[in-house]
Every structure is written in structure tokens, then in C-alpha cells.
1. Looking at the stretch 352-366, is at least one residue more than 15 Å from Leu278 (Cα to Cα), assigned to a helix (DSSP H, G or I) and either polar (S, T, N, Q) or in contact with an Asp or Glu (Cβ under 9 Å, 6 or more places away or on another chain) (or both)?
2. Restricting to the stretch 360-376, name every residue that is over 19 Å from the mean Cα position of the chain (by Cα) and aliphatic (A, V, I, L, M).
3. Say whether the condition of being part of a helix (DSSP H, G or I), surrounded by fewer than 24 Cβ atoms within 10 Å (Cβ to Cβ) and acidic (Asp, Glu) is met by at least one residue in the stretch 40-55.
4. Restricting to the stretch 151-191, name every residue that is under 30 Å from Thr41 (Cα atoms) and either outside any helix (DSSP H, G or I) or within 17 Å of the chain's Cα centre (by Cα) (or both).
5. Could you list, ordered by first residue, the pairs with Cβ atoms under 7 Å in which the first is in the stretch 75-93 and at pLDDT below 90 and the second is surrounded by fewer than 21 Cβ atoms within 10 Å (Cβ to Cβ) and among the β-branched types (Val, Ile, Thr), at least 6 apart or interchain?
6. Out of the residues in the stretch 94-150 that are of a type in the set (S, T, N, Q) and over 14 Å from the mean Cα position of the chain (by Cα), state the one that is modelled with the highest pLDDT.
7. Does the stretch 317-329 contain at least one residue that is part of a helix (DSSP H, G or I) and closer than 24 Å to Thr41 by Cβ?
8. Output the number of the condition that Pro335 fails; it satisfies all remaining conditions of (1) surrounded by 21 or more Cβ atoms within 10 Å (Cβ to Cβ); (2) of a type outside the set (Asp, Glu); (3) assigned to a helix (DSSP H, G or I).
Amino acid sequence: MTTVTHNGSAKRWRMLGLGVFAQGSSAVFINGTPFLLPALTDRGLSLATAGLLVAMPTLGLVCTLIAWGYVVDRIGEHKVLVAGPALMLIAGVAAATVTNYVALGALLFLGGMGAASTNGASGRVIVGWFAKDQRGLAMGIRQTAQPLGVAIGALTIPAVAAAHGFSTAILVPAVMAGVAAVACLFGIIDPPRPESTGDTGRPVNPYRGDSTLWRIHAVSVLLCIPQAALWTFALLWLHRDVGWSLAAAGVLVTLTQILGAGGRIGAGIWSDRVASRLGPLRTVAIAAAISMAALALASWAQWWWAAIPILVAASVITVTDNGLAFTAVAEIAGPYWSGRGLGIQNTGQNLAMAAVAPAFGALITVSGFSITYLLAAVVAAAAVPLVPRESR
């Protein structure tokens with residue numbers, strides 16, 4: 001991806017910090033709601049129904065990712081990174097005032113629509129301001145927003161829900177989104193873009209005549225399933241099967257997300273040093289399959305002494321692919337298609353994630369956690385042969 005960068009300026013690091021914060025606010029809104037599962041099931045909802053409700057932000061996100069990407073490609077990143085978090089703030093505050101589950105689901109859906117704005121826009125800001133030999137590191141740091149968002153959700157939302165009620169807990173991501181909107185309003189600057197180079201003066205479609213991007217999208221969809229299974233159900237598994245308190249389980253989940261953030265940075269540095277995004281991506285896919293299979297075995301045998309460290313390892317491994325794939329898509333798609341490319345990338349991932357909560361919730365009810373973890377391992381293994389051998 002050809003961009004104009006200002007490597008001697010602190011501006012790029014400010015853009016990185018703001019991009020991470022904006023994406024983090026979306027991550028708390030999208031991935032924090034599963035931590036309301038204990039509160040919802042305590043109210044009498046079935047796990048499958050509660051899973052559907054907490055998946056509503058993800059559904060709102062996937063419905064608008066490509067549209068936001070198109071908007072970013074046309075008008076730039078600054079306006080999008082203000083409008084999206086502002087919509088999350090409005091939806092979150094409204095959700096805190098309702099008691100009807102249908103209305104709650106609709107508002108969570110609306111908040112998810114706002115959260116979709118930051119996925120492509122924050123990525124484009126960072127890729128646009130950093131040179132290619134530092135993009136792996138920069139995008140690895142940017143991708144920490146998601147596990148850190150999950151960590152913030154795990155640490156705060158169950159505790160706030162227990163102490164102050166279900167409705168108050170929803171204000172946690174809403175307030176963070178409001179702060180992000182203000183920060184981006186005054187801090188984000190659109191990166192410069194080169195002139196378009198197509199024969200017709202229009203940007204060349206990177207999807208035409210090449211399957212590389214489609215294969216990366218497919219790999220990412222498959223690899224996000226074990227990731228989503230752990231994010232959504234690890235807290236519940238630790239509480240119900242292992243017998244930990246919700247507070248202790250929340251601390252461990254928070255720890256795994258912090259370690260996962262470090263893993264994403266490490267994967268980005270690794271990809272910069274080997275000058276490849278896809279080679280490391282293939283290795284991560286293999287490691288994800290192995291770790292999830294090991295977790296399934298330890299859970300089935302009730303070897304908790306082994307299952308807990310394996311859970312930590314699997315939680316780290318299954319999130320490290322995102323930054324690699326995200327950077328590869330942005331570089332291959334180019335500055336005039338990366339918004340849509342990243343929108344397509346995240347749409348597929350989040351559709352799969354939205355299906356995980358109700359589908360795996362039903363599977364856990366019938367077959368237990370061990371079979372669910374084993375299925376996630378099989379899905380990760382299926383991604384390995386799909387990773388393209390070379391990036392363009």
C-alpha cells in the first residue's frame with residue numbers, strides 16, 4: 001500500500017494512540033456485552049436467548065461495516081471516527097433507560113452500527129501514517145484495542161452489574177465511546193493519499209482477477225471462531241465447570257486479554273522482521289488448532305491443573321492472527337480500496353462471531369464445553385491450507 005508518511009513526526013504516534021482508543025471503545029461495546037450473560041441468565045433467560053441478545057451489537061456492526069468502509073474511502077477518516085463513537089454514546093445511554101428486552105436489543109444493535117465505524121477508519125489512519133517496515137508493529141499495537149477492550153469489559157461490566165444493576169453496566173462502554181468521539185474530533189488528521197493510478201483515473205479493484213484477498217478473508221473468518229468461543233464462554237466455563245467465583249474468573253479473563261494484546265504486538269514485530277504477514281499467519285493458525293484441541297482434552301478429562309494454563313495460552317494464540325490479516329488486507333487493497341477491504345474483512349469475521357454466541361450456547365447446553373472447544377479446534381485447522389503462500 002503506497003502512502004505518504006511523516007516518519008520524523010510525533011503526529012503518527014498520536015494518530016496511533018487515538019486510533020487505538022477509538023477502536024478500544026468499540027471493542028468494549030461489542031465484546032463487553034457477553035459479560036452480561038450471568039446477569040441475563042440469572043433473570044431467567046435461557047443461555048441461547050441471552051446469547052442472541054448480547055450478539056445484537058455484533059449484528060449491528062456487521063450490517064454496516066462495508067458501508068462505513070465506503071464512506072471512509074470517500075470522505076476520509078476524521079469525520080467517521082467522530083460520528084461512529086457519538087452514535088455508540090447515544091445508543092448506550094438510551095439502552096440504560098429501557099427494561100424491555102426487545103427495545104434493549106434494538107439499541108444494542110444501533111450501538112453496534114456506530115461501533116462499525118472505527119474498524120476500517122482507525123486502521124486506515126494508522127496504515128496511512130506509518131511506513132511499510134513499521135506497519136506490522138503499528139497495526140499490532142492497534143489490534144491490542146480489541147483484547148484490551150475485552151479486558152476492560154471483563155474487569156468492569158460484571159462488577160458494575162453486580163453492584164449497581166444491569167442498566168448501569170451498559171453505561172461503561174457508552175461513556176468510553178463519548179470520550180473517544182471528543183478526542184477524535186480534536187485530534188485525528190486524515191493521512192495524505194497518493195493520486196489514483198488506474199487507466200481510467202479510477203482506483204484499480206484489487207479483487208478483480210486475484211483470489212488473495214478472498215482467501216485472507218476466509219482464513220480470518222475461520223480463525224475468529226475459536227477466538228469468539230473463548231471470549232464469549234471462558235468466564236462462564238470457569239464459573240460453572242471449574243467452580244471459580246465470577247470475580248476470580250473475570251480477573252483471569254482480563255489477564256488473558258492483556259497477554260493477548262502483547263501477543264498481537266509481538267506478531268506485528270515478527271511480521272516486520274520477516275517481511276511477511278502471511279507466513280506468520282499460517283503458523284498462528286496451526287498453533288490455534290493445537291491449543292484448542294488441547295483445551296478440549298483437558299476440559300473433558302477435568303485436568304484443571306492443565307486446562308487453566310492451556311486456556312491462557314489459547315486465549316493469547318487465537319487473537320494474534322487479527323493484526324497480521326488486517327495489515328495484509330490494508331496493504332494489498334491499497335489506499336482507495338482499503339476501507340471496503342477492511343469492511344469486508346470485518347463483516348465476515350463478525351458474522352461468524354455473532355453466530356458463535358447462540359450456536360455454541362446451544363451446543364454447550366447439549367454437549368458441554370469440551371465438544372465445543374474441539375469443534376473450534378477443527379475450524380482452526382481448516383484455515384491452515386487456505387492461507388495464501390505469498391503476498392503481492
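1. yes
2. Ala362, Leu363, Ile364, Val366, Ile371, Leu374, Leu375
3. Yes - at least one qualifying residue is present in the stretch 40-55.
4. Within the stretch 151-191, Ala151, Ile152, Gly153, Ala154, Gly165, Pro173, Met176, Ala177 meet the criteria.
5. His78/Ile189
6. Restricting to residues being of a type in the set (S, T, N, Q) and over 14 Å from the mean Cα position of the chain (by Cα), the top hit is Thr97.
7. no
8. Result: Pro335 fails condition (3) only.
The values are calculated or read from the model by the stated rules, or taken from the named source; none is laboratory data. The structure presented is a predicted model; accordingly, all values stated were derived computationally and were not measured. Glycine gets a Cβ as well: all are built from the backbone with ideal geometry, and neighbour counts include every protein chain shown.
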